[in-house]
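Participant: This structure is in structure tokens; I'll ask about it shortly.
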Amino acid sequence: YKNTKDAKQETDNLKTAQEKLKEATDNLKNANRDLSDAISEYEDAVIKSKEANEKLIDAQNRTGISGKELYDKVQKGTITYWDMTDAQKEVYRLYLETIEKQDELATATDKVNQLTDAQREAIQKQAEAYKDTIDQLEIANSRLDENSEEFKANQKEIDNLKTKLKDLTGENYSTSIEIIAKANTKQAEKDYDNFMSKLGRNIGMFFEGVVR
């Protein structure tokens, strides 16, 4: 690098990409954990809903009383809990438990769907972070001697990130020539501007000395 400031900018770009990658990795880890917990809650809710429904059906068959009919009568004010027989109270209680477990199952289902979307978004951000870091490392390597230790270390990390990206999405990713060329073009423009600016100052100082 001809300009220390430009070199620092390139280093900062790579550091930023690596920090975003770490953040994306942590977020995906959390998303996977949250989804796993939600699926466990869903499976538990399925079991409890099924058990509550089976108990209700057993009680209804045993007593000949419909939980739904009792519930509707209570809603209409035709009967209260205190007016019920012991058999009616049992069926009514089991019917309410069935509704409760169905609601819990619906909530658990919604939670799984929401966290599945969150996981999908986290995977996308993780993939983008992999690609951005790979790009920054490739840009850095485009300006290094292939025999240098820094180049070899960068290449090892590039290969590692490509493997992780493929494991995550199945994609075989390579940094495009356009991305590297664009980065190097910007660098060349900076170097040219810096050169011309320095040249202008030197010429100015020369003429200033001549005038004196």
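Participant: Determine, for each peptide in 172-183, 102-113, the mean count of other beta carbons within 10 angstrom over its residues, then list the peptides with the highest first.
Facilitator: Ranked by mean Cβ neighbours within 10 Å, highest first: 102-113, 172-183.
Participant: Give the distance, in whole Å, between the Cα centre of region 122-149 and the Cα centre of region 13-67.
Facilitator: With region 122-149 and region 13-67 each reduced to a Cα centre, they are spaced 37 Å.
Participant: I would also like to ask the following. In this model, which of LYS29/LYS131; LYS111/LYS166; LYS76/LYS101 are farther than 25 Å apart at the alpha-carbon?
Facilitator: LYS111/LYS166
Quick note: the coordinates plus some simple rules give every number you see, no bench work behind them. These numbers were taken from a predicted model, which means no experiment stands behind them. Backbone-built Cβ (ideal geometry, glycine too); neighbour counts: all protein chains shown.
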